[in-house]
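Enquirer: Take a look at the following structure, please.
What follows draws every value from the coordinates through simple rules; no lab data is involved. Quick caveat: nothing in here was measured; it's all calculated off a predicted structure. Please note: Cβ atoms are built from the backbone with ideal geometry, for glycine as well, and neighbour counts cover all protein chains shown.
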Amino acid sequence: MAANFAADFIEPGLREPEYGRKLALLKTQLRQLPQRPLLLLLGSSRTAYGVRPDRLFDAATVETPLVYNFGILGGGPLYELLYFQRLLAAGIRPRWVVIEVHPALLKTAPELMGAHIPPIERCDACDLWFLRDYLDAAMRQARAKLVRQIYAPGYRDFEVSDRPNRALRQILALCRQEGIVAALLLMPEAEELRDAEVTLAQQRISRYLWELGREYDAQVFDASHWCHDADFADGQHLLADAAERLSVKLGQDALRGWLASSDSRPAAPSTVPGLAAGRRHEVR
């Protein structure tokens, strides 16, 4: 019991090392740059590998957001909700939150609950940089085929399931409650992953996200078609040079205007940027 308490409240990295490392680094950056408002990215490994915070904006000034990528390997709506609640409880108060929506995880398919994670998930950014020199078209297509097979149950007879829908709505409700401006993001996918069933499902997902964004005053950024098949290691995880290009485009074509708009101003900004007293709780 004492060990569980320590893991949950004293040292979160004991239970989940990846979360603990990311939280510690985030707190360090907030202390080093307390004057800069925090833009938090929540998501899966697609966000973790695909978005480079240092490439989103041209130069770092007092007005430039401190961008922190909290993409977690294997993440989806439930994990995003869990980590967002933990961050709020830890006293983290972003001004903006961008929430990745993984299309295949909007449906609770029994086959996906214990799905094997592709080996690419165990690579870090440096691994992917070197891997690019060894990924010929045949290997990339084989990986994309594996990913397509893994996520196929999530697109079959597609409808948004109750569990991920409630998780996304709870995240957006928490943002509204805390005065945090929110956006929803669809990360790029290779055309190799799309067939007629996937295309139909993604049309329904686009309508769902548009309605969700309208209900919660959240911007929707659709970057799902922004990259070429050769930009991916496996159809869903971007290689390092492609991640850099995507990040520049995302910053210039989407985030810059969103941050500057009057709608992106926080309703109740924290008096201490980024840190506060902890408590539980289509762009083409």
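Enquirer: Need one number: nm distance between label points at Asp217 and Ala260, each 7 Å from Cα along Cα→Cβ, rounded to one decimal.
Expert: Going by the 7 Å Cα→Cβ label model, 2.2 nm.
Enquirer: Ranking request for peptides 223-229, 193-199, 96-102: highest mean number of other beta-carbon atoms within 10 Å first, then the rest in descending order. Intermediate results must be reported in sequence, preceding the final value.
Expert: On the way: 223-229: 17.7, 193-199: 14.4, 96-102: 24.3.
In descending order of packing, they fall as 96-102, 223-229, 193-199.
Enquirer: With a point put 7 Å past each Cα toward its Cβ, work out how far Asp58 is from Asp162 in nm, to one decimal.
Expert: The modelled label-to-label distance comes out at 5.1 nm.
Enquirer: State the extension gain, in nm to one decimal, for the chain segment bounded by Gln35 and Arg21, taking 0.36 nm per residue of separation less the distance between their alpha-carbons. Each step should come with its number before you reach the end.
Expert: Numbers: separation 14, 0.36 × 14 = 5.04 nm, distance 2.27 nm.
This chain segment gains 2.8 nm when fully extended.
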